[in-house]
Amino acid sequence: MSFVTGGSFPASINPMPSQVVVQDNYIDFNTVAGGQWAQQYLPELYEQEVERYGNRTLSGFLRMVGAEMPMTSDQVIWSEQNRLHVAYDNCAVAAGGKAFPLFRVTITAPAGAAATSGIRNGNTILISDNATGLVTLKALVEDINDVGTNGYTIECHAYEGAALPAALTGGSCSLFVYGSEFPKGVDGMSGAIEPNVTTFTNSPIILKDNYELSGSDTAQIGWIEVATEDGTSGYLWYLKAESETRLRFEDYMEMSMVEGELNANAANFTFATVNNAAGPAQAIKGTEGLFAAIEARGNVYSGFAGAAAPGSGALGDFDEILKQLDKQGAIEENMLFLSRQTALDFDDMLAATNGGYASTNAASYGLFDNEAEMALNFGFAGFRRGSYDFYKTDWKYLNDATTRGLDNEIDGVMIPAGTTTVYDQMLGSNIRRPFLHVRYRASETEDRKMKSWITGSVGGAFTSDLDVMRVNFLSERCLVTQAANNFVLFKGA
């Protein structure tokens, strides 16, 4: 049997009836004559995908510093302790109707709150001026009167001095109760202080996303070798994009907990349409994220190591933060998640405080067994200042060019370690309970922590006549930031 060499095939090619390579049945890529191909017209294909941005995912922060727990309600409520001792910082001191050592202190109630006296007859108090805090006066409370919506006045008897200090009468003052004193044979303390707790709430939000692929595209097979951020590697077909959509959605779940805001305009903002179809006119409430909680109830420090910040250089700024922590829970261990610039500011601060920094031997040699002839290590992962331990790390979320790396508002966050030890049934050991809790909606039949399902008529789904494979993602969650007064948010100046 022979083949006609004219027509469909070049004269130099004789096709064979089986897959056998012989000298006259292959196409010569180097020969243009005779209708054959030129090698320079064919692309050179790399099968492996180039990871030019490294690990692109941002999630993992909350898994390191928080806990995840299910919830069944539309709202989560928690209570936090108030201060143990009685103190006021909005007082005015004036001479009394009688001669010194009697005088009066007027305590103004907070705006919108009814005056409730935490001071009782027989209490001993210490008064100081707010301007400097250097002028003090100790006194005994003898009478409380004029209790009303704007405040109340207490009549006091000074223990010391011959007259009221001018620094106390010339401006606002602070006071706190340090004890009590009664003479012999009198009644006991009248009234009692009822301990109160402060209640906070937050509500979950619903996050959604999807990936969609037409049925025709699933038949066009194209393989590519990948190594994904979730640890898997190998060859992927058309679900390469689905994998990235899933990773992006997981990042959104964490970013929403960090950036979430309560909607101040909830009454005027509703979803009237959903996907161009009539939908429920439900108010969008928003949720309180980490940054919002710290700004509302925590400590905000602007311009760390900047010229406008208090103190002398970065160390002076940091000591101002320590003084604020002393006034709060004074939790010993804290974690610093910082932007690149702020992390370098901390490194420079610590290097400058080293005893050998200014000498000819320069700084600490920490990377190669402290050998000066080897490399220097200016990166400090942990340090202790005062009575506090700090563990420092870069937070990729603040450096990524597609997230907070776009702006200069947030420089970092200081998160305290948990203080209460609880038994974890999953780990089978005691752990310290963190202050951050991610609460997600779940019940015995429905888990909305991270749902994914396929709809359409492609890829094994038969839910509609739409010629697509649609991978749906959903999560319903919120963040509980407890004891926010122990957190510090670093902001740009």
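Readers should treat all values here as calculations from the given coordinates under stated rules, not as data from a laboratory. Treat the numbers as computed from the prediction; the structure is a model and nothing was measured. Every residue, glycine as well, gets a Cβ built from its backbone with ideal geometry; the counts of neighbours run over all protein chains shown.
Values computed for the structure shown
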quantity: Qualifying GluC sites (Glu not before Pro) for region 45-108 [loop in DSSP, other Cβ within 10 Å: at most 16]; calculated: 47, 49, 51
quantity: Table column - 3J(HN,Hα) (Hz), region 319-324, Karplus curve with 6.51, -1.76, 1.60, x for Gly and Pro; calculated: 5, 5, 5, 4, 5, 5
quantity: Ranked 387, 214, 256, criterion: other C-beta atoms within 10 Å, fewest first; calculated: 387, 214, 256
